[in-house]
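Before any comments, here is the structure.
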Amino acid sequence: MFTLIIVAVVVILLTVGIVWVIDKFIPSKAKPFLTIVLWIFIGALGYFTFMSVYNPILFKQEKEKRYAKVIENLVDIRDSQLAYKEIHGKYTKSYDSLIDFIEKGQFAILERRDTSVIDVEKTKAYRGIEYRMEITITDTLNFVPVKDSLFKDSNRYKSMQYVPFAKEGTEFVLNAGKIQEEEGGNKKLPVFEAYVKKAVILHDQDPDYVNIENRAYSVEEISGDAIRVGSMQEVKINGNWPKLYDPK
């Protein structure tokens, strides 16, 4: 807004200066023609000046709209991956496997209860003196389809791999694997990552604005040149976007 005010003041001063020059040095017969030319010039100058300030605002609104839709898909991919890991103990790097799992997979509804039973070995060792030990019994009560748990009546999971606003058929890059446990541990931990470059989402926008966006670094912006969730370098499942983009 401050920039717009400065630009407006400059345009006003420039217009006043041109009017003064015309009034002072231009013959009376030529003034009507020059007045028309002047108004055309002022109108064009005002338009281009206004658009130079307004275009970045339009770009910001457009990118935020697109990013919000992209993040909705990334959240669906993350939730699906977490469900897949709960059942299979790992993530997948195949959208076909992920979608097939959503359509066919089931969550078990479990009930855990603590109870005590006779410790046979200890009872035998102490010649019939009864010893008991605490155990946890897990009962499977029912099964719930993964699709109903994650997406209810929606079929949006069938297209979650496609990047909104990108060229038709463009998919999020999806990786999955395992990394070594930190601090010298021998355990391998499953990780996944899904991402898309900002330039892919904004392919039809002004390249100058896209280049500036790729260099964004702020807690209120999506830093870097890509929007991503998860990581192949560390165990994390959150995305690199600020909270204002979180789906409601």
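Yes/no matrix, rows are residues, columns are (1) modelled with pLDDT of 95 or more; (2) within 15 Å of residue 226 (Cα to Cα):
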| site | (1), (2) |
| --- | --- |
| 51 | no, no |
| 55 | no, no |
| 58 | no, no |
| 62 | yes, no |
| 69 | yes, yes |
| 74 | yes, yes |
| 80 | yes, no |
| 88 | no, no |
| 92 | yes, no |
Does residue 17 qualify as being modelled with pLDDT under 95 and on the phi > 0 side of the Ramachandran plot?
no
If a residue has to be assigned to a loop (DSSP other than H, G, I, E, B) and open to solvent by 60 Å² or more (accessible area, probe 1.4 Å) to count, how many in the range 166-192 make the cut?
8
I'd like to know if the range 135-147 contains one or more residues that are at pLDDT 70 or above and either under 30 Å from residue 201 (Cβ atoms) or assigned to a helix (DSSP H, G or I) (or both).
yes
Meets criteria (open to solvent by 40 Å² or more (accessible area, probe 1.4 Å) and modelled with pLDDT under 95) for residue 105
no
Quick check on my filter: what residues within the range 193-239 are polar (S, T, N, Q), under 15 Å from the mean Cα position of the chain (by Cα) and buried (at least 16 other Cβ atoms within 10 Å of the Cβ)?
231
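If you go through the range 68-91, how many residues are farther than 14 Å from residue 160 by Cα and surrounded by 19 or more Cβ atoms within 10 Å (Cβ to Cβ)?
Going through the range 68-91, the residues farther than 14 Å from residue 160 by Cα turn out to be 82-91.
In the following step, the residues that additionally are surrounded by 19 or more Cβ atoms within 10 Å (Cβ to Cβ) were identified as 83-84, 91.
Number of matching residues: 3.
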When you scan the range 108-118, do you find a residue that is open to solvent by 80 Å² or more (accessible area, probe 1.4 Å) and at pLDDT 75 or above, even just one?
no
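The values are calculated or read from the model by the stated rules, or taken from the named source; none is laboratory data. Not measured: the values here are computed from a predicted model. Cβ sites come from the backbone with ideal geometry, for glycine too, and all protein chains shown count toward neighbours. Note: areas computed on protein heavy atoms with side chains; ligands, DNA, RNA excluded. Shrake-Rupley method; radii C 1.70, N 1.55, O 1.52, S 1.80 Å.
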